[in-house]
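**Student:** Encoded as structure tokens, here's the structure I'll be asking about.
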Amino acid sequence: MRQRLVIIITLVVVLGVLVALNAASYVKVEPTADSEASPDRSTFNSGATGTRALYDFLHESGYQVARWRESTSSLLSFNGPKPETIVVIGQTAVPFSKVESKELLRWVENGGRLVIIDRSPDLSLLPPSGNWTIGAHMTSFPWSDLDPTNFEQMTTGVKPVPPSQPTLLARNVEAILPSRFAGAITVAPTAKKNDEKSKADGQHNNEKPESGDTESSDDSEAADEATQNGSPQLGTGTKVSPAPVVNFTQERGPLLVEYPHGRGRIVLVSDPFIVANNGIARADNLRFAINVVIGNGGLVAFDEFHQGHTATHNALIQYFEGTPVLAICGQFALLGLMVIWSRGSRFARPLPLPKVDRRSSLEFVASMAELQQRARAHDLALENIYGRVRRVLVRHAGLSNSSPRAEIAARVAARSKLNRQELETLMRNCEDTINGARTNAKESLRMARRLRQIESTLGLGMRARDVRQAAEKADL
């Protein structure tokens, strides 16, 4: 007990020291302020550069929105409800790999809709559309001490941009207000496209088709071009042109471009400020963001996997992240393992296990009785009982074991109320049976019962004698 007490006290002291060390070494990590130089465009971020305001507004307005925290491979193999639109905002914390870019574009080819809102997007997510290449680059970079909450610093010299043409993405939008750091989208034809166009112009000058055939010839060429580019069909005999559609054009270039890819579409917006918390309330930015993000409806998923919020993170561990609680729990687990190891280790020779005799006297008696009953050894059973009763009677009469039964019966009868003749006859019958006289189970049982009665009458039974002797010793 003393050794266990020492161990318990030692453990308590060690735990107290560990808790004190963790409390003393804990340094509270101050959250870093949002910066346009390294923005956090996650829908979980309620800061100036985050997009939580847009997400909460869409969710509370009844639109089907969700935070997508799975990898891009789940878009092709996910068995649950799949999104109609994937929204990728800003430069992600986890860049897209080549495999992920291919998987995402394959999902778009199968009919998905990809919305990219970034000043300098990943070119692997912007495949060419027919003979057109699409890209975007930054023309003005934010400085390190820029305050994203300062509206004047974000929009100095910027005028609201009206829509360039009436499209569905410009529905109910009079003008949007981008930031001064908006990227410039470039849409350029490839060299192959220019060569084919020159050849087509030369053939057109050489040939002089009739006026009635001009329109049909142009339609045929457009259809052939769309077929070669793999553009999807909208209906019977109708094909979608692969040419990108630009809108909201300013001096630097368009802020919005949309083009088909397979059976899906890709939308590129060159300024996250329009949908961020610090710019969503400016001009018609909110209406514009709804048109771009929602599209034709369906489930809209904001990519949080590449923003660093994967579904594999444990919510409880994430809640205590940055606190000494996790370190304390780890140290407790280490101490528990040490205690288990020390208790399970042997520091001396093995001690033999205690041998407990599980056999009882009643088990032996029951076994012998069953054996004698099956062997019909009535004389043997009677001999066991009579021999013990005769020794008790001799001791009660004050004689020796060699005394004749007549003398024993006379002396016992004189000291008790038993019939001398009956007792002597019983003793004679028992001795004759033991010596080989014929008997049966019924007669043997009768004589054994009579011997038990005599023993009980005289108070010479084993239990009665033990009780009497204990009482006599107590009186002394």
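**Student:** Considering each residue of the range 128-155, count those that are in a strand (DSSP E or B) and over 20 Å from VAL269 (Cα atoms), and give that number.
**Tutor:** Qualifying residue count, the range 128-155: 0.
**Student:** Still on this structure, I have one more. Starting from residues that are modelled with pLDDT of 85 or more and part of a loop (DSSP other than H, G, I, E, B), keep the ones in the range 375-401 and report whichever is surrounded by the most Cβ atoms within 10 Å (Cβ to Cβ).
**Tutor:** LEU399
**Student:** Can you find a residue that is modelled with pLDDT under 80, hydrophobic (A, V, I, L, M, F, W, C) and within 30 Å of ILE7 (Cα to Cα) anywhere in the range 315-326?
**Tutor:** So in the range 315-326, the residues modelled with pLDDT under 80 come out as 315-326.
Next, from what is left, pick out any that are hydrophobic (A, V, I, L, M, F, W, C): 315-317, 320, 325-326.
Of the ones still in play, those that are also within 30 Å of ILE7 (Cα to Cα) are 325-326.
Yes, that holds for at least one residue.
**Student:** Follow-up. Report yes if some residue within the range 343-355 is part of a helix (DSSP H, G or I) and either on the phi > 0 side of the Ramachandran plot or modelled with pLDDT of 75 or more (or both); otherwise report no. Don't jump to the end; show me each part of the working.
**Tutor:** First, the residues of the range 343-355 that are part of a helix (DSSP H, G or I): 343-344.
So of that shortlist, the ones also either on the phi > 0 side of the Ramachandran plot or modelled with pLDDT of 75 or more (or both) come out as none.
Looking through the range 343-355, none of the residues is part of a helix (DSSP H, G or I) and either on the phi > 0 side of the Ramachandran plot or modelled with pLDDT of 75 or more (or both).
**Student:** Now for a separate question. Could you please let me know if LEU362 is closer than 30 Å to ASN435 by Cα, out of contact with any helix residue (DSSP H, G or I) (no Cβ under 7 Å at 6 or more places or on another chain) and modelled with pLDDT under 75? Before the answer, list the steps.
**Tutor:** On the way: closer than 30 Å to ASN435 by Cα: yes; out of contact with any helix residue (DSSP H, G or I) (no Cβ under 7 Å at 6 or more places or on another chain): yes; modelled with pLDDT under 75: yes.
Spelling it out, LEU362 is indeed closer than 30 Å to ASN435 by Cα, out of contact with any helix residue (DSSP H, G or I) (no Cβ under 7 Å at 6 or more places or on another chain) and modelled with pLDDT under 75.
**Student:** So which pairs qualify, if the first residue must be in the range 414-438 and among the small types (Gly, Ala, Ser), the second must be crowded, with 18+ Cβ neighbours inside 10 Å, the Cβ gap must be under 7 Å, and the two must be at least 6 apart or on different chains?
**Tutor:** SER416/LEU458
**Student:** Go through (1) under 18 Å from GLY279 (Cα atoms); (2) of a type in the set (A, V, I, L, M, F, W, C); (3) not in a helix (DSSP H, G or I) and name the single condition VAL187 misses.
**Tutor:** Only one criterion in (1) under 18 Å from GLY279 (Cα atoms); (2) of a type in the set (A, V, I, L, M, F, W, C); (3) not in a helix (DSSP H, G or I) is unmet by VAL187, namely (1).
**Student:** Restricting attention to the range 45-79, which residues are surrounded by fewer than 19 Cβ atoms within 10 Å (Cβ to Cβ) and farther than 28 Å from THR32 by Cα?
**Tutor:** GLU60, SER61, GLY62, TYR63, GLN64, SER73, SER74, LEU76, SER77, PHE78, ASN79
**Student:** Restricting attention to the range 139-146, does a residue exist that is surrounded by fewer than 21 Cβ atoms within 10 Å (Cβ to Cβ), in contact with a helix residue (DSSP H, G or I) (Cβ under 8 Å, 6 or more places away or on another chain) and modelled with pLDDT of 90 or more?
**Tutor:** The initial filter retains those residues of the range 139-146 that are surrounded by fewer than 21 Cβ atoms within 10 Å (Cβ to Cβ), namely 139-146.
Applying the additional criterion that residues be in contact with a helix residue (DSSP H, G or I) (Cβ under 8 Å, 6 or more places away or on another chain) yields 146.
Then keep just the ones that are modelled with pLDDT of 90 or more; that gives none.
No; the residues of the range 139-146 include none that is surrounded by fewer than 21 Cβ atoms within 10 Å (Cβ to Cβ), in contact with a helix residue (DSSP H, G or I) (Cβ under 8 Å, 6 or more places away or on another chain) and modelled with pLDDT of 90 or more.
**Student:** Among the residues that make up the range 103-110, is at least one of them of a type in the set (S, T, N, Q), under 21 Å from GLY262 (Cα atoms) and part of a loop (DSSP other than H, G, I, E, B)?
**Tutor:** From the range 103-110, those of a type in the set (S, T, N, Q) are 110; that's our starting set.
Then drop every residue that is not under 21 Å from GLY262 (Cα atoms), which leaves 110.
If we keep only those that are part of a loop (DSSP other than H, G, I, E, B) too, we end up with 110.
Yes, that holds for at least one residue.
**Student:** State which residue is surrounded by the most Cβ atoms within 10 Å (Cβ to Cβ) when the search covers only the range 233-257 and only residues that are at pLDDT 90 or above and touching a helix residue (DSSP H, G or I) at 6+ places or on another chain (Cβ under 7 Å). Quick ask: steps written out before the conclusion?
**Tutor:** Looking only at the range 233-257, we keep the residues that are at pLDDT 90 or above, and these are 244-249, 254-257.
Those still in the list that are touching a helix residue (DSSP H, G or I) at 6+ places or on another chain (Cβ under 7 Å) too: 247, 256.
Working: ASN247: 20, LEU256: 28.
That would be LEU256.
Per-residue answers, yes or no, for (1) open to solvent by 70 Å² or more (accessible area, probe 1.4 Å); (2) out of contact with any His (no Cβ under 7 Å at 6 or more places or on another chain); (3) at pLDDT 90 or above; (4) closer than 20 Å to GLY50 by Cα:
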| residue | (1), (2), (3), (4) |
| --- | --- |
| LYS82 | yes, yes, no, no |
| THR85 | no, yes, yes, yes |
| ILE89 | no, yes, yes, yes |
| LYS98 | yes, yes, yes, no |
| LEU104 | no, yes, yes, no |
| VAL115 | no, yes, yes, yes |
| LEU123 | yes, yes, yes, no |
| PRO127 | no, no, yes, no |
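**Student:** Scan the range 252-267 and report the pairs whose first residue is assigned to a strand (DSSP E or B) and whose second residue is of a type in the set (D, E, K, R) and open to solvent by 10 Å² or more (accessible area, probe 1.4 Å), with Cβ atoms within less than 6 Å and a gap of 6+ or a chain change.
**Tutor:** Matching pairs, first to second residue: GLY264/ARG113; ARG265/ARG113; VAL267/GLU258.
The values are calculated or read from the model by the stated rules, or taken from the named source; none is laboratory data. Source: prediction; values computed, not measured. Counting neighbours? That spans all protein chains shown, and the Cβs are built from the backbone with ideal geometry, glycine included. SASA here: full protein model, heavy atoms, side chains in, ligands and nucleic acids out. Shrake-Rupley method; radii C 1.70, N 1.55, O 1.52, S 1.80 Å.
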